[in-house]
Structures are given as structure tokens and as C-alpha cells.
Amino acid sequence: MTALDSLVGHEPLHEPLIDVHAHFHSPFTNRADWAGYNASRLAAGATMGVRAHVASVLGTWGYTSPTYFSSPEDQSRANAWMLAYAAQHGPLVHAYVAVNPNFTEHALAECATGMAAGGIGIKLAAGRRADDVLLDDIADCAAQHGVPVLQHIFQHRRRDWPNQDASDGIELARLAARHPRTTFLLAHIGGGGDWAHTFPAVLDVPNIVMDLSGSGIDRGMIDEALRWVGASRLLWAADVTLCTGLTKRRALAHLDASPDELQAMCWGNAVRIFPPGSFTAVLGPDRAPRPTALEAQ
Amino acid sequence: MTRPIDVNAWIGGYPFRELPHPEPDILCRVLDREGFDGAWVGHLPGAWHRDVTPSNRALLAALAPHRDMLQPALMVRPDWPGWERALRDAVSAGAPAIRVYPAQWGLAPGHSGLTELALACGEQGVVLHVTVRFEDLRQRHPMDGVGDVPAATLRAIARAAGSACHLVVAGAARELIEETHWGLTVGEQARVWYDFHWVWGPPEEHFAHLVRTLGPSRLTWSSWWPLRLTQQAGALVDLLPDDLQARVRAEPFVGGGEIRSSAQRAASLYIGNAKGTSAVSNR
């Protein structure tokens with residue numbers, strides 16, 4: 001029980017959490033406090049009950065190439081560091097292999113190397129629109145390896161934003177429709193933009209699931225997401241603000257959701273979409289993946 | 001431990017999206033659940049109205065059955081004819097704070113009306129309450145074209161010469177708070193409080209940084225109901241590093257009750273010192 005749990009009577013958080021959208025900083029970055037940043041993430045995660053962080057490093061976070069347009073060299077170095085960090089902190093930390101789709105051969109090679117080294121997902125940021133054909137080989141690659149693709153999304157992109165070729169739900173839906181065997185994790189419905197636009201955009205594309213992360217904590221956002229796509233397509237996550245992650249975790253308790261649905265959002269869906277056994281060590285053998293309502297149908 | 005008064009809640013609808021159940025009886029239940037003793041409550045639709053008088057009237061009527069928990073934070077537009085009367089009415093109605101929305105009302109930094117209102121609030125012992133934003137800039141409706149309230153506006157209010165005004169700033173993140181706080185004298189700093197709902201916690205640790213540098217006594221509790229999830233303030237506090245957990249137990253964050261009491265004490269001193277030089281009474 002945390003300090004405020006005792007102060008205001010929050011229910012203790014029994015369900016473990018898997019953070020499917022995490023980031024770390026490597027030494028090859030633009031901030032001197034990178035190690036403290038990483039330590040803060042692990043410490044806060046432990047306080048909240050995060051059993052696993054599935055994380056990526058986006059190049060040098062702008063130090064030697066732009067965050068969303070990282071150079072192949074920067075991204076290779078970032079992936080190597082992330083995979084080593086995951087190995088060092090396993091099974092608490094797992095790695096995505098982040099790639100820049102403008103460099104297809106490099107991206108595919110990174111995926112092959114990264115999956116062999118323990119990566120469990122592919123991270124696509126905003127180097128190219130999600131519906132661009134350059135992403136097709138990477139989506140195929142994800143299906144071959146049986147890993148999900150975490151796609152950075154701007155909710156309802158009404159204009160171009162600086163330093164990124166951001167995509168929105170409609171653009172990801174086009175890619176997902178071309179690759180029905182690949183699971184796409186639509187990033188951070190609370191991460192900026194109009195989330196209400198995203199839910200109808202992905203409703204009919206069942207291989208898109210969504211993470212709840214982002215600094216946005218609008219009342220009604222998670223309720224609407226649940227209403228549109230159901231608990232089997234929602235995954236709790238934090239991204240760069242663990243505080244809003246804890247807020248959302250506490251808010252889940254007040255949703256119109258069953259215990260099974262809460263479990264699915266906190267960790268069950270993560271167990272389902274990532275390679276088998278990825279989280280067995282942190283969840284225990286009794287927390288086996290369950291078929292979703294969607295799969296049951 | 002004393003339960004704090006929430007300094008930032010509203011009732012009523014929002015022009016740009018649906019809000020679940022923004023009614024006062026729901027707010028009372030949420031405040032109790034989240035550990036608040038009560039709240040300063042504004043009327044959300046009025047922020048976009050030209051004449052805020054009907055909105056204030058609606059707020060008072062809606063809160064009447066709930067005044068043990070919900071205190072009206074009424075709006076006063078200092079660029080509107082007769083604002084001095086509106087302020088007196090608000091004080092008479094028991095408002096602990098006067099809400100202003102400089103961005104929505106087109107009041108630029110240094111607007112003389114804001115300065116006069118700040119002086120008058122100081123005299124009357126009511127808190128002046130500025131909302132920096134309602135939503136993140138990235139998600140705003142195309143018709144919601146105004147930006148956030150800049151730090152220059154806040155500094156100008158806090159710097160008003162001879163002011164006893166107690167200022168609460170709602171919706172600021174680390175940068176805006178620091179640009180304001182470190183741009184004020186020690187005396188001016190002591191009359192400004194910041195709600196911390198929009199400040200980032202770990203791993204960026206902006207909140208921990210502010211607790212270390214400004215101290216808990218400048219930071220105030222809020223729920224941001226019905227726009228944002230009310231659990232955020234508590235989550236930020238719970239995720240403070242261990243050394244700061246001890247500090248904030250010894251030196252708690254501030255609630256609306258303490259700020260209001262301080263404003264009232266300052267006003268009584270002001271009246272005692274000024275002897276009839278009231279900005280409002282001289283108008």
C-alpha cells in the first residue's frame with residue numbers, strides 16, 4: 001500500500017502491470033542525467049507494481065540525429081545498448097528493436113539481429129507515415145518473428161508537426177489492413193491530439209490494439225476506448241510519464257470493467273501479443289495467457 | 001492528517017468534448033473518495049462567455065445544496081463594465097477565489113484590468129485564480145485558437161506594486177512555474193501558489209525538482225475534475241523519491257483552506273495599514 005493509498009483509501013493494486021511502452025536513455029544521448037533517468041523509471045515502476053518494462057531507445061534522442069529520423073548508425077548503437085540493458089535487467093526489462101523505415105535493408109537487418117539477441121517487438125516511430133509502402137517489409141518481418149509493432153501515433157493529426165512524420169489512426173489502419181497477421185500496438189492514446197478520432201478509425205481493424213500511455217489524462221478517454229474497442233484491445237502503459245500511468249491504473253478501478261477485463265488491460269493482453277513466455281518469469285506460471293473475447297468469437 | 005481543499009474543480013459542460021457527469025453531487029462523491037475536504041468550484045462553460053454574470057448565477061444555484069463541500073470560485077472580468085460590483089457580490093456570496101481566464105478573454109500580459117483586479121482581491125481577502133490552460137495544446141479544437149497564459153501575465157499580476165493579492169496558478173508545468181517563481185522577489189513569491197496537476201513525475205522528475213527547489217509550501221492540491229483524472233495529484237506525491245516523502249510529511253503541500261486564510265489575514269493587515277485607500281472603494 002502506498003502513502004496515498006493509506007491517505008485516501010485507494011484500493012491496493014493487486015494486478016501486476018506490464019509497461020508495453022517504455023523508453024530508456026543510453027550514454028549516447030543529449031542529457032547528462034541519463035543514468036538517473038533510467039534509475040527513476042525502474043524505481044517508480046517498482047513502486048507502482050510494474051513487473052516488466054518493454055522499452056526502446058530512439059537513436060540518440062536528438063543528440064547526433066533527430067529522434068524520429070535517427071541515422072542507421074545511431075539506431076544500431078541504441079538498439080545494441082537497449083538489448084544489452086534488457087539482458088542485464090532481465091526479466092524486468094525487455095527490448096523493442098527500433099528502426100527507421102527509410103533505410104529498409106538496415107531496418108530488416110536490425111530486426112533480425114535484435115530478435116536473435118532477445119528483442120520481443122519492433123518499434124516504429126515517425127520516420128515515415130504508417131501507410132507508406134516502406135513499412136510493408138517491416139510489418140512482414142514482425143509477422144515472421146511473431147512480434148508486435150509498436151507504432152508512434154499522433155491522435156488525429158490535423159497538420160504536420162515539427163521533427164516527425166507522425167501518423168494517425170487512419171494511416172495505421174491502412175497498414176494493418178495490408179498485414180492482418182501482424183499485431184500493431186497503436187501508441188499512447190493519451191500522447192497528444194484528439195483521441196476521440198482514433199477509436200472509430202481502428203474499430204474495424206482487429207489486429208490493432210492500443211496502449212493507454214501518454215501524459216494526457218482526460219476524463220472519459222479510457223471509458224470511450226473501452227466502449228469502442230473493448231478491453232481485449234487495450235493495454236496499460238506509461239511511456240515517458242509514469243505518474244499518469246499510475247493515475248490511469250487507479251482510474252481503471254472505477255471503469256465499468258470486470259476483473260477479467262482489468263487483468264487483460266494490466267497484463268493479460270501483453271502476454272497475448274508478445275512472444276510466448278516473455279513474461280512468465282515475472283508473472284509466474286499461474287498467469288497464463290487467456291483467449292480474448294475476440295479470439296473466442 | 002488534514003484533508004486538503006481542492007483549488008481547481010469545475011461543474012458544467014466543456015464546449016469541445018463530452019465530459020462524463022459534470023454535476024456537483026458527483027463531484028462531492030469524487031472529492032470524498034480522493035481525500036479532499038472540499039473544493040473551489042468554477043462554472044466551466046462561462047470561461048468562453050462574453051458576459052459571465054449568468055454563468056456565475058448558475059454556479060451559485062447549482063452549488064447551493066452542496067455548500068458544505070463546494071465553494072463557488074466566481075468569475076470577474078476586469079475588462080467588463082461594473083466589475084467592481086461583481087467582485088463585491090462575489091465576496092458577499094462567500095467566494096474563496098475569483099477565477100479569471102486571461103487567454104480566453106483576450107487579456108494580454110500587463111493588462112491594467114488584471115492589475116486592478118489583483119489589487120482589489122488583495123484588499124478583499126479573496127484569492128485570484130488564473131487558469132493557464134484547459135487542454136494540452138496538441139489536442140485543441142480548431143475553434144479553440146488561444147494559447148496558454150504566458151508567464152509574463154502571471155509575473156505582472158504578482159508584481160503589482162503594493163499588492164496583497166494571493167495568486168493561485170492552475171495548469172502550469174515546470175517551465176512556466178519556474179519562469180514565474182524565479183522572476184519574482186521573495187515577497188512576491190510568497191503570495192503565489194501553483195497547482196501541480198500538470199507537472200511531470202518520474203522518470204523526468206520535474207515534480208521532485210520543484211519540491212526540492214520551490215518547496216511544498218508553494219505547491220497546492222487540485223483535482224482538475226471534471227476535465228482530468230482526479231487521481232493525478234496523489235499519484236505524483238506517491239511517486240516522489242524516498243527522501244522527499246519524508247520532507248512532504250513534515251512540510252505538507254498546501255490546500256485551498258490555508259491559502260484563503262492567508263489571503264484574509266493579509267487583507268485585514270492591508271485595511272489596517274491603508275485606512276481608506278481601497279482601490280475598490282475609491283472607484
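Mind jotting down the three principal axis lengths of the range B:141-283 based on Cα atoms? Whole angstrom, largest first.
51, 46, 28
Report the full-extension gain for the segment B:Glu251 to B:Gln189: residue separation times 0.36 nm, less the Cα-Cα distance, to one decimal in nm. Could the numbers behind the result be given before it?
Details: separation 62, 0.36 × 62 = 22.32 nm, distance 1.75 nm.
Difference between extended and current length: 20.6 nm.
Using only the Cα atoms of the range A:12-296, build the gyration tensor, take square roots of its eigenvalues as a ≥ b ≥ c, and label the shape rounded, prolate or oblate: rounded if a/c is under 1.5, else prolate if a/b is larger than b/c, else oblate. Before the final figure, lay out each step's value.
Values: a/c = 1.35, a/b = 1.16, b/c = 1.17.
The shape class here is rounded.
Give the average, rounded to an integer, of partner chain Cβ atoms located within 10 angstrom of each Cβ in B:192-205. Can you show the working numbers first?
Details: counts 0, 0, 0, 0, 0, 3, 2, 1, 6, 9, 17, 20, 9, 7.
Across B:192-205, the average partner-chain Cβ count within 10 Å equals 5.
Over 38 Å, how big is the tail of the calculated P(r) for the protein assembly as shown, in percent of all Cα pairs?
Numbers: 54559 of 167910 pairs.
Considering the protein assembly as shown, 32 percent of its Cα-Cα pairs are separated by more than 38 Å.
If we count other beta carbons within 10 Å of each Cβ, what is the order of B:Ser163, A:Ser71, B:Ser268, fewest first? Walk me through the numbers on the way to the answer.
Details: B:Ser163 24, A:Ser71 17, B:Ser268 12.
In order of increasing Cβ crowding within 10 Å: B:Ser268, A:Ser71, B:Ser163.
Please rank A:Asp168, A:Asp260, fewest neighbouring Cβ atoms within 10 Å first, as an exposure proxy. Display every interim value, and only then the final one.
Values: A:Asp168 22, A:Asp260 14.
The most exposed by this proxy come first: A:Asp260, A:Asp168.
Taking each residue in A:233-241, count the Cβ atoms of any other chain within 10 Å of its Cβ, then average. What number comes out? Provide the component values of the computation, followed by the final result.
Working: counts 0, 0, 0, 0, 0, 2, 0, 4, 9.
Across the residues of A:233-241, the mean count of other-chain Cβ atoms within 10 Å is 2.
Go ahead and run the numbers for FRET between B:Glu175 and A:Ala46, Cβ-Cβ distance against an R0 of 30 Å, rounding to 0.05.
Values: r = 29 Å, r/R0 = 0.95.
The calculated FRET efficiency here is 0.55.
How much net charge surrounds A:Val93 when only the other residues with a Cβ under 12 Å from the Cβ of A:Val93 are counted, with Lys and Arg +1 and Asp and Glu -1? Present the calculation step by step, with values, prior to reporting the outcome.
Numbers: positive: A:Arg41, A:Arg51; negative: A:Asp19.
Spelling it out: positives minus negatives among the neighbours equals +1.
Taking the Cα centre of chain B as origin and charging only Cβ (+1 Lys, Arg; -1 Asp, Glu), how large is the dipole, in debye to the nearest 20?
Numbers: 27 positive and 30 negative charges, 149 e Å.
So the dipole magnitude of chain B works out to roughly 720 debye.
Once you average over the residues of A:41-52, how many Cβ atoms of partner chains fall within 10 Å of each Cβ? Show your work: numbers first, answer last.
On the way: counts 3, 2, 5, 9, 3, 0, 6, 4, 0, 0, 0, 0.
Mean partner shielding for this stretch: 3.
How big is the Kirkwood radius of the range A:156-297, worked out from every pair of different alpha carbons and given in Å to one decimal? Walk me through the numbers on the way to the answer.
Working: mean 1/r = 0.0637 Å⁻¹.
About 15.7 Å, per the Kirkwood formula over Cα pairs.
Go ahead and run the numbers for FRET between A:Ala109 and B:Leu137, Cβ-Cβ distance against an R0 of 41 Å, rounding to 0.05. Intermediate results must be reported in sequence, preceding the final value.
On the way: r = 39 Å, r/R0 = 0.94.
The value I calculate is 0.60.
Would you tally the net charge around B:Val211, using a Cβ to Cβ cut-off of less than 15 Å, leaving B:Val211 out, and scoring K and R as +1, D and E as -1? Could you put the intermediate results ahead of the total?
Numbers: positive: B:Arg174, B:Arg212, B:Arg218, B:Arg247, B:Arg249; negative: B:Glu178, B:Asp195, B:Glu204, B:Glu205, B:Asp238, B:Asp242, B:Asp243, B:Glu251.
Result for the neighbourhood of B:Val211: -3.
Contact order normalised by length for chain A, with contacts defined as Cα pairs under 8 Å and 6 or more residues apart; what percent is it?
Values: 593 pairs, mean separation 46.7, N = 297.
Once normalised by length, the contact order is 16 percent.
Roughly what percent of Cα-Cα pairs across the range B:5-273 reach past 34 Å?
Values: 3960 of 36046 pairs.
Taking all Cα-Cα pairs of the range B:5-273, the fraction more than 34 Å apart is 11 percent.
Please list, in order, the residues from the range B:144-173 whose amide nitrogen is less than 20 Å from a point placed 7 Å along the Cα→Cβ vector of B:Ala108.
What the label zone holds, given the 20 Å backbone N cut-off, is B:145-160.
No value in this document is a laboratory result; all are computed from the given coordinates. None of these values were measured; they are calculated from a predicted model. Here the Cβ is made from the backbone with ideal geometry for all residues, glycine too, and neighbour counts use every protein chain on show.
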